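Inspection log for the structure reproduced underneath, given as structure tokens.
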2 protein chains.
Amino acid sequence: MADQSAIEEGLGFAPQFGADGLVTAVVTDAKSGDVLMVAHMDAEALCRTIESGEAWYYSRSRKKLWKKGESSGHVQRVVELRVDCDQDALWLKVEQQGPGTCHTGRRSCFYRAVPLGKGGAVTLEFRDAEQTFDPKAVYGKP
Amino acid sequence: MADQSAIEEGLGFAPQFGADGLVTAVVTDAKSGDVLMVAHMDAEALCRTIESGEAWYYSRSRKKLWKKGESSGHVQRVVELRVDCDQDALWLKVEQQGPGTCHTGRRSCFYRAVPLGKGGAVTLEFRDAEQTFDPKAVYGKP
């Protein structure tokens, strides 16, 4: 394991992949600052993102490397890539090509809010949940 | 496992904790939109956050529940809590009390950028990396 102070204060890039070989990647819209999605990267996805300036991820459900937009055309151009203090999380500020990020047809994957300050059962509330594209038209039927 | 369309399109809150019992929590500054930190929540941390409107997390390194600010006083008041499409990630927009979020003394944990478009070895670049408080004074010596 690398030295903690080197990881936190140094300029050496030493991404701390988890036991599953992945780091968490938070993706925000470079203009609005809104969080668009949370995804994961393996070393190969990270390498391709750095080299190409376009976002690649590793899909845990499909167990494969994927380029964002490879099916939809909704590519993400990376404006800035940052790493956090302990180098186990990444922040991508992106220009999202096309009408949205989420496979459900929304601009962002975060289209529901959890009400605060209430005990008991929680009912979500839609926020910014309008569809900006038709996922069936973009991705086709499964 | 819950039905996928209920998870994605429903208003029932069904956070999908991983095998480690945790969900990823992205924390942004409610005013600037900057990502302040990425942390994790277990069910108890999530429950306390919803009820109190202040952020609680689960520390993977210390293996314990913690309230952000319990040592530093740098509490996070949650302005909005959102959940993503597949309900395995949370987005907290917070008002960060005190001069900063990061245990290294910075406003955000993301104070270094990864240069893009270059092959070979990567050298990080400091961005917004000025210390806004002295961590030794705030946390004491370990």
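What follows draws every value from the coordinates through simple rules; no lab data is involved. Here the structure is a predicted model, which is why all the values come from computation and not from measurement. Please note: Cβ atoms are built from the backbone with ideal geometry, for glycine as well, and neighbour counts cover all protein chains shown.
The other copies place their B:Q4 label points at 4.2 nm from this one, listed shortest first, where each point is 7 Å from Cα along Cα→Cβ.
Once you keep just the Cα pairs under 8 angstrom separated by 6 or more residues, what percentage relative contact order results for chain A?
Details: 261 pairs, mean separation 28.9, N = 142.
Contact order relative to length: 20 percent.
I'd like the antiparallel share, as a percent to the nearest 5, of DSSP beta bridges with both residues in the stretch B:4-142. All intermediate terms of the calculation are to be shown ahead of the outcome.
On the way: 20 of 26 bridges.
Of all bridge pairs located within the stretch B:4-142, approximately 75 percent are antiparallel.
Over all residues in A:62-72, what is the mean tally of Cβ atoms on other chains that come within 10 Å of each residue's Cβ? Please report the intermediate quantities before stating the final value.
Working: counts 0, 0, 0, 0, 0, 0, 0, 0, 0, 0, 0.
Counting other chains' Cβ atoms within 10 Å and averaging over A:62-72 gives 0.
Annotation for B:S52 and B:E125: the two label points, set 7 Å from Cα along the Cα-Cβ direction, are 4.0 nm apart. Taking chain A as a Gaussian network of alpha-carbon nodes connected by springs under 10 Å, the highest mean-square fluctuation of the residues A:C109, A:C47, A:C85 belongs to A:C85.
Angle of helix B:43-52 to the longest C-alpha principal axis of chain B, folded into 0 to 90 degrees and rounded to 10: 80°.
How would you rank A:K63, A:K68, going from fewest to most other Cβ atoms within 10 Å of each one's own Cβ? Please report the intermediate quantities before stating the final value.
Details: A:K63 7, A:K68 24.
The fewest-first ordering by Cβ neighbours comes to A:K63, A:K68.
Sort A:F17, A:F110 so that the residue with the fewest other Cβ atoms within 10 Å of its own Cβ comes first and the one with the most comes last. The partial results should precede the final answer.
Working: A:F17 15, A:F110 27.
With the fewest neighbours first, A:F17, A:F110 line up as A:F17, A:F110.
Projected onto its three principal axes, the C-alpha set of the stretch B:1-111 covers 43, 30, 27 Å, listed from the longest axis down.
For the stretch A:51-104, the relative contact order works out to 28 percent when only alpha carbon pairs closer than 8 Å and six or more residues apart are counted. Local charge for B:D29 was computed over the other residues whose Cβ lies under 13 Å away, with Lys and Arg +1 and Asp and Glu -1, and equals 0.
Given that compact globular proteins tend to follow 2.2 N^0.38 Å, what is the ratio of the alpha-carbon Rg of the stretch B:61-126 to that value? Don't jump to the answer; show the numbers that get you there.
Values: Rg = 16.0 Å, N = 66, 2.2 N^0.38 = 10.8 Å.
The value comes to 1.48.
Principal axis extents of the Cα atoms in the protein assembly as shown, from largest to smallest and rounded to whole angstrom, are 58, 52, 33. In sequence order, the stretch B:94-99 has phi-based couplings of 10, 9, 7, 6, x, x Hz under the Karplus curve 6.51 cos²θ - 1.76 cosθ + 1.60, θ = phi - 60°, and Gly or Pro positions carry x. Each part reduced to its alpha carbon centroid, the stretch B:2-62 and the stretch B:103-123 end up 25 Å apart. Here A:L36, A:L22 are placed in order of increasing Cβ neighbour count within 10 Å, fewest first, which gives A:L22, A:L36.
How much mean residue ellipticity at 222 nm does chain B get from its helices, if each DSSP H run of length 4 or more adds -39500 (n - 2.57) and you divide by all residues, to the nearest 500 deg cm²/dmol?
Numbers: 3 runs with 21 residues, N = 142.
After summing the helix terms and dividing by the residues of chain B, the value is -3500 deg cm²/dmol.
With respect to the cross-link table entries A:K64/A:K136; A:K68/B:K68; A:K67/B:K31; A:K63/B:K68; A:K31/B:K68, which display a Cα-Cα separation exceeding 26 Å? As for pairs spanning more than 26 Å Cα to Cα, those are A:K68/B:K68; A:K67/B:K31; A:K63/B:K68; A:K31/B:K68.
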